[in-house]
Structure formats: structure tokens, C-alpha cells
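Remarks on the structure that follows.
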Amino acid sequence: MRGGSSHITHVRVSGPLADTEAALALALVQHAADADGVSPLSEHVMLHLRYGGDSRARNVLLWRDGELAGYGHLDPTDPVEGPAAEMVIDPAFRRQGLGLALGRALVAEAPGAGLRLWAHGDLPAAAGMAAAAGFSRVRALWQLRRSLLTPVAAPRLPDGVTIRTFAIGQDEDAWVALNRRAFASHPEQGAWTRADLDMREREPWFDPNGFFLAERSAALIGFHWTKIHGGTGFPGAVGPAREHGHEPIGEVYVVGVDPRERGSGMGRALTLVGLGYLRDRGLPEVMLYVDETNTAAIGLYESLGFTRWRTDVMYAIGAPGQAD
């Protein structure tokens, strides 16, 4: 029985985890996803757990009576926005004050005086814990969805533009450079390196046939990288299907356009190219993520039939440019 006051709780902070600890953390994440209907950690952190990630990141492990009760990931590498964290408490250990303890451990470990904390799904328990720890809501990421059972319009490409699929071993460096240009002002996507792309090429869901590149005069000017979650009959699909509570589902993973091509209709055309591909695969639905402040992108996606499904929230304490 896990009640009473005689429990032994301790927190350990480390760099890369041993395989056994990483496996325990991944199992904890799956327990929470099963209970909450939403994954508690982002893809970035899941890749860190599976492959080790940046050696500068910190893993915060909360143990209760010898069992892993909570996991936190701290990324201190953003010199502008400041350190960011994500965390999860195993459902079997909730309502015992451990979320607050883990949140405070992450704050204590963060360099400087600030920390940004992501909460996936905008759950009341996360909001309550954030408030108790002194965090304020500062940002939100919307998940939008669209049925693929309805028709997808044919894309209208700008003059002189051709579409092809990604070639492994050939397009990586050019894509990383374009991604940096396209997302120069984005705090996460614009910071991707070749190593970030290489990690995703190792993932079971990666499929170059769903990674579309737009070229003009042999120069890369735009892309639409799609993804498939769940299902067993889809090459490149990732399991388990319950990761997003839907089996199976496509994703508009990333759409990027060279800044010099903005206003040409390239973003809409590339989005339609990917939607048509996912629909042709027989998928019933597609999802995507967009910042709630990106009104231009939201307007585009709504015009293509997407509607809001879920919200992820960022909280901050002492963050640069933010009040406590």
C-alpha cells in the first residue's frame, strides 16, 4: 500500500541514462499515456530517451520506495529562450505531492533563475501543479485535425517548381540549411542540426516516400515532411497506435518554405501534396501542431479543413522576458 508517511523518496540528476534506467523511464511514459490519453513527453524528449540525445541535457529521476515514480528532462541549451523542461509522474504515484517535488527539482537544476515547462494536453492536474510551483502560462501549441475521408484539392505549384521525394544520403545538408532559413525565428524547429535529422532517419516511422521537396532550378526551396502514427499495414508507421489515441493517423510533420518564396502559394501547395499522399495511403485522418500565435498558418490550415483538437501549454518561472 502506498499511503502513510514512511516512504523513502529521493531525486537523482544525471547526464545520459543507463539502458536500464532509460527503459524504466520509457515504461513510465507509456503508463501515463495509457492513463491520460496523451503522451506526456514530446518527440524531442522521447528521442533523447531512446538514443541518448545531447550530453548537456539533464535527466531528473524521482524514486519512491525503490520504484521510478517520476521523470523529468531538462534542456539547458537555448541561450535566448532559456532552459526548457518536460516531466511526468507515474499514475500509480500521483496525488502524493511528487509532481510538485519533481517540478521544484527541475527548477533547482536549471541554470540561471528561469525555466520553461511544457505540459502536453492542458490537463487540470498539470495546471494546478504549475501554479503551486510558481509557474505562469506563457505559450500554447494547438493540435489541429482534419478528416481524410473528404476530398483533397489538387496542388497548384508556382511556375518553375517541381516536387520530388527526399533522397537519404543526398539531401540532408541542404534540407538542414533550408529548415534553418524557413524557421529562423522558431525557438525549437529552427535550431535543428544534422544530428537531429539523422536521429529521425533512424526512427521506425521515417519514410522518405512521404518527405516531399520542392525545387526551382535545382535549388531546394520548400518541403513537406509527413509522418504516420499507428497501424500495422503502413510502411514507416510507428506504434503503439494508442500514442495519439487514434489508429492510424497521418501527420503534417513539418512544412517549410524558403523566405524568398513566401507569398507565392508554395506553403498551401506543399501542404496539399502531403495531404493527398496521406489520403492515398488510406488514412482516415491527419493531425498537425501549430503555435496559437501563428495566425497565418492557422488561417491556412483552417481553410484546408483543419479544426482545433487539443492544446499543449508552456509554463514559465523567471523566464527571460517573462514575469514570474
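Here are a few things to note about the model shown:
- Residue among GLY299, GLY276 that alone is within 22 Å of the chain's Cα centre (by Cα), outside the structural domain of GLU86 (by TED's automatic domain parsing), small (Gly, Ala, Ser) and on the phi < 0 side of the Ramachandran plot: GLY299
- Single residue of the stretch 28-61 satisfying the filter (of a type in the set (S, T, N, Q) and in contact with a His (Cβ under 9 Å, 6 or more places away or on another chain)) that is surrounded by the fewest Cβ atoms within 10 Å (Cβ to Cβ): SER42
- For the stretch 119-170, the set of residues classified as within 30 Å of VAL13 (Cβ to Cβ), out of contact with any helix residue (DSSP H, G or I) (no Cβ under 9 Å at 6 or more places or on another chain) and touching a residue at least 12 places away in the same chain (Cβ under 8 Å) consists of ASP122, ALA127, VAL138, ARG139, ALA140, LEU141, listed by residue number.
- Selection of the stretch 75-111 for residues being touching a residue at least 60 places away in the same chain (Cβ under 8 Å) and either farther than 22 Å from GLN189 by Cα or not assigned by TED's automatic domain parsing to the domain that holds LEU61 (or both) yields VAL88, ASP90, PRO91, ALA92, PHE93, GLN96, LEU98, ALA101, LEU102, ALA105, VAL107, GLU109.
- So VAL88, is it in a strand (DSSP E or B) and touching a Gly at 6+ places or on another chain (Cβ under 6 Å): no
- Candidates ALA27, ALA57, ALA33, filtered to the one that is touching a Ser or Thr at 6+ places or on another chain (Cβ under 7 Å), assigned by TED's automatic domain parsing to the domain that holds ALA110 and at pLDDT 90 or above: ALA33
- Restricting ARG164, ARG200, ARG194 to residues that are exposed (fewer than 13 other Cβ atoms within 10 Å of the Cβ), within 20 Å of LEU47 (Cα to Cα) and outside the structural domain of PRO40 (by TED's automatic domain parsing) narrows the list to ARG194.
Results for (1) in contact with a helix residue (DSSP H, G or I) (Cβ under 7 Å, 6 or more places away or on another chain); (2) within 14 Å of GLN143 (Cα to Cα), shown as yes or no for each residue.
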residue: VAL252; (1), (2): yes, yes
residue: SER264; (1), (2): no, no
residue: VAL273; (1), (2): no, no
residue: GLY282; (1), (2): no, no
residue: VAL290; (1), (2): yes, yes
residue: ASN294; (1), (2): no, yes
residue: ALA297; (1), (2): no, yes
residue: GLU302; (1), (2): no, yes
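The values are calculated or read from the model by the stated rules, or taken from the named source; none is laboratory data. The model shown is predicted, which means the values in this text are computed figures rather than measured ones. Note that each Cβ is placed from the backbone with ideal geometry, even for glycine, and that neighbours are counted across all protein chains shown.
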